Structure formats: structure tokens, C-alpha cells
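Novice: My questions all concern the structure below.
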2 protein chains.
Amino acid sequence: MPATRKALRPRTRTEKVHAALRRAILEQRLDPGVRLPEDMIGESFGTSRTIAREALGRLAVEGLVELIPNRGAFVANPSLDEGREIFVVRKGLERMVVLQLAARMTPEIARTLQSLVENEAILASRSEAEAIRLAGEFHLRLAALTGNSLLLRYVTEVVSRCSLVLAMYGRPHSADCAVNEHLLLVAALTAGDGDRAAGLMDEHLDSVAGRALIGQRPNGDIQSVLASFANRSDLA
Amino acid sequence: MPATRKALRPRTRTEKVHAALRRAILEQRLDPGVRLPEDMIGESFGTSRTIAREALGRLAVEGLVELIPNRGAFVANPSLDEGREIFVVRKGLERMVVLQLAARMTPEIARTLQSLVENEAILASRSEAEAIRLAGEFHLRLAALTGNSLLLRYVTEVVSRCSLVLAMYGRPHSADCAVNEHLLLVAALTAGDGDRAAGLMDEHLDSVAGRALIGQRPNGDIQSVLASFANRSDLA
DNA sequence: TGCCGTGAAATTGCATGCAATCGGATCGGC
DNA sequence: GCCGATCCGATTGCATGCAATTTCACGGCA
């Protein structure tokens, strides 16, 4: 029974708020630089400040939130230079992913990859938020397939922050990934050609990052945004 | 005004305990798997459980502590497989470091590197804890010199966790770095030969990881260990 | 008008308190 | 003697309260 390993741990409120806030930031529902008062977050999720405070502290460790003592918490607001740094790291990490993957390619993984790109083409264009989420999803799946949990964690983080950077400095839709590029990549991977895959991945990421230019659009008030995320993370 | 810099942000107690605990774990003063009760930590640092709790939550995000809901916090206890995963990621990250560094080599950086290895040879063997700290220090400095703060953060994390892994599965002193290997590396770097440096770094890390074998030794009670760290992090 | 104290409101940092949950000891049944 | 149910102490999860700090508006003064 390889089904449920250790999955169903009792999640604490802190974990839920942490996860919900992360989603909200990564889906660009909370603009970079926006202030995140503890009171308001607690109120939005129906908890006390304590919970909000802990969640913010953890998000700060992840680099998604900036915590300034006695001043408050803010959605991370990376400079363009920091954005570039993040992309550099991402490229390095994703290179590891494809190399690892190509090295330990199996028919089963190959099949999984195939179905991945197929589904991607189908789900491609639904909602804006969905598109953003989907853009990173492929890369996350790839990382997950390496079986290296730390690598997955890091890739998750950089993919997240890259979409944040693109939200700030890219034009609209620049966070989207070209499906055909993914297709080429999968072809190289299933062929076990790690070097070629690494090259393709590099190009792919360059093409994503290359779209960085402008784009600015503020969101409405924070509370209404968080309300929708609070619903999703309702305790059963 | 007397040059009281405001650059020094006021550190919160949470941050201090967070940092102190991290040091304690990374210097192997707290053995992997050891339980970390909130009460005891708070007491050790002269704060309430609230602070200890927040610090533990943040350490969990960093992967240095495992947090089990309703059960408590434990010093991370990576399996041998997880240890290998961490080393894989570390090698990839440090490859980025040397490539970046070789690419943007300047006379000043070269000088810094030189003095780094020289000091290293001098300080090499003082105390056990110092040796452990020093082992990672060189790699951290390298990462810092890239100017990429995210890369630095990740390298910091993996170096930390690698020393933890070595504490568990390596023989004593296996966390130490060979100074002469560092010397060769610096030579390649200052020559701007990124590929060669990358190769050397790979070998270097393999030689460190290769020493993984056995080794087991529990530390005394937690409180006495934490006491020394509490002193260091006293608020001035 | 512009600048700089001054004070009040807002917000954070932290401690404490209480209910919920877990682990282990005890005890009874087989 | 071994195993499972039951209770109790220990510890966590979370909310609330209070002091400290920051922010911001106001008003005096040049």
C-alpha cells in the first residue's frame, strides 16, 4: 500500500494560514510591497494575531515576505537586480533537475512526463490565476520526479519568487510558459539526453526571463483578496 | 550625532533565539533527533514559550528542525538517503558559485580569496566547534563573493545541513575541509578557469562526502548546551 | 510656507493563561 | 505474562492582554 505514506498529519492553523498566504502572494493576488498587518490577517482568517504573526515569520524565512522589526510585514518587493539573481539560481537548480532526471530516466517517468505536457496543453487557458499557477506547475512536477525533496523545495521557492518577479517587471502573461518548449524538453529527457535537456531548459528560462519589461497594476484592498483564500483553507 | 548607525536593525528576541538555535544545531551541539520542548528553550534563553515557538517554526522552514503537530519539535534527523540528496544539491549550488565567481573575477576578489585560504591555514585547529564552523566558512565566503544573496542563502542552508549529515553518518572530523584542496580551487578561480574550478569543487565535495561512514555520540542535557548559546545572544 | 516638536492612535513584541491533545503509567481482562 | 482500555501529567495550540515602539496629525515657531 504505497498510497498514503505519512500524508495526513493534523495541520495547525498556523500552517494553513502560512500556506494560504503563500498562495495568495504567488498567485499575485497580493502585490509586492503591500503591507500585511497582523490584525488584518488574523481577522481575515478568523484567527488571532498570534497565528498571523507566526505565518509571516515563516514566510519571511522563505523570502516571500519582508519583516521589519517594529514596522511590520510586507510582501517581498525584490529589486530588478534581486530578480536577476533569483533567475540565475533558478537556472542552476533546474539544470540539476533535468540532469538528474535524464540520468535516472525510466519508462514510467517517461510516460508521466508525456501525460504532463498533454494535460498542460488542454488546461492551458482557463483563468488568469490558473494560467499563472500552471506556468510553474510543470517545472515543479519535473523537480518532484527527481525524487530529491530538497531540490523540490528549492525549485518550488525559486519558481514562486520568479513569478513574483515577473509580476513586477514582466509584461502581462510573461509568467506563462510556452507549451511547445516544454514538449521539446520532455523529448530530450525521455531520450535520456541530459546535456541537450539542460540546454533546452536554459533557453526556455531565458525566453521566460527575457520578457521582463514593464507592467504595473495594483490590486484592490487586501481583506477582500484574503477572504477568498480564507474560505479555501477552512478547517474541516 | 555619534555615529550610531541605524543600519543595525533592532533584532527581536525571536530572531536572536532563532539564530542561536541554528548555531547550536549546526555546531552539532544538539544531536539530530533530540527533542526541543518549547518550555525548556524559553527558559534557556530567558524568554517565554512564544519566542521559542516562533523560532522553532522558522527553523522548521529551513529544514533544520522537524515540527510534528501536537507532538513537538525535534532536531532534524535526516536519513542517509536524504543526506545524499542534500549533497547532490550542494554540489549543484557550489558549481554555480564557482562558475559565477570565475566569470566575474576581479583583482580585488582574487586578493580576498588569497587571504581567505591563508587565514584558514592559520586558524585551522583550535577547538572542535571552531573547526566545524571553519569548515563551512570558506564555502560560505565563496558564495558571499558572488554577490548573489539568494545563492548565498541556499549555500548557507545546504552547508549547514551537510555538516549535520556528516555529524550523523561521517566519522569524527569528517566535516573538516582539506585546506590544500581549497588552495587549488582558489588558484583555478583566480585564473578565471570556471570549468576547472567546478571540477575541483566537485572532487572536493566528493572527498568530503566520501568520508561518510559511521560515528555516533550523544551530547549531554540540552539545557546546559543552550545555556552557553544564551549568553552569546544576550541583548546588549 | 515650511520645519520640527509633541501627543495620541495604531501596531508590533512579548508574556501569560487556558483548553485540547499526546504519551505513559496504571490497571483489568484474557 | 501479555495486551488493551483508562486515566493523569506534561506539552502543545491558540487567544488575549499589556507595554513599547512607530506613525501620523496637529500646531507652534521661524
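Rule-based calculations on the coordinates, nothing more; no lab input. Note that the coordinates shown come from a computational prediction; the quantities given were computed from them, not determined experimentally. Glycine gets a Cβ as well: all are built from the backbone with ideal geometry, and neighbour counts include every protein chain shown.
Novice: At 7 angstrom along the Cα-to-beta-carbon line, where would the label on A:ALA103 sit relative to the other copies? Give the distances in nm, shortest first.
Specialist: Inter-copy label distances (nm, one decimal, shortest first): 2.2.
Novice: Which distances in nm, rounded to one decimal and ordered from shortest, link the label point of A:ASN70 to the equivalent label points in the other identical copies, with labels set 7 Å from Cα toward Cβ?
Specialist: 4.1
Novice: With a cap of 11 neighbouring Cβ atoms within 10 Å, and only residues DSSP puts in a loop, list the trypsin sites (Lys or Arg not before Pro) found in segment A:42-100.
Specialist: Qualifying residues, ordered by number: A:ARG71.
Novice: R0 = 25 Å: FRET efficiency of A:ASP39 with B:ILE68, Cβ-based, nearest 0.05?
Specialist: With a Förster radius of 25 Å, E is 0.25.
Novice: Turning to a different aspect of this structure: I'd like the FRET efficiency for A:ALA191 and A:LEU140, computed as 1/(1 + (r/R0)^6) with the beta carbon distance as r and R0 of 25 Å, rounded to 0.05.
Specialist: About 0.65, to the nearest 0.05.
Novice: Around B:VAL65, which amide H atoms from residues at least 5 apart in sequence, or from another chain, sit under 5 Å from its own amide H, with H modelled in the peptide plane?
Specialist: Hits under the 5 Å cutoff: B:ALA60, B:ALA76.
Novice: Residue-wise, which Karplus ³J(HN,Hα) couplings in Hz belong to segment B:198-205, taking 6.51 cos²θ - 1.76 cosθ + 1.60, θ = phi - 60°, and x for glycine or proline?
Specialist: With coefficients 6.51, -1.76 and 1.60, one gets 4, x, 4, 4, 4, 4, 4, 5 Hz.
Novice: Can you list the HN-Hα couplings for segment A:178-186, worked out from phi with the Karplus curve (6.51, -1.76, 1.60; θ = phi - 60°), rounded to whole Hz and with x for Gly and Pro?
Specialist: Running phi through 6.51 cos²θ - 1.76 cosθ + 1.60 with θ = phi - 60° gives 6, 5, 5, 5, 4, 4, 4, 4, 4 Hz.
Novice: Between copies, how far does the label point of B:PRO37 sit from its twins, in nm, shortest first, when each point is 7 Å from Cα along Cα→Cβ?
Specialist: 3.9
Novice: Same structure again: Evaluate E = 1/(1 + (r/R0)^6) for A:ALA121 and B:ASP81, where r is the Cβ-Cβ distance and R0 equals 30 Å; express this FRET efficiency to the nearest 0.05.
Specialist: Taking R0 as 30 Å, the efficiency between A:ALA121 and B:ASP81 is 0.30.
Novice: Under a plain spin-label model, where a point goes 7 Å from the Cα along Cα-to-Cβ, how far apart in nm are B:SER207 and A:SER207?
Specialist: 4.3 nm
Novice: Hey, rough spin-label estimate for B:ALA19 and A:ALA103, points 7 angstrom out along Cα→Cβ, what's it come to in nanometres?
Specialist: Simple spin-label model gives 3.7 nm for this pair.
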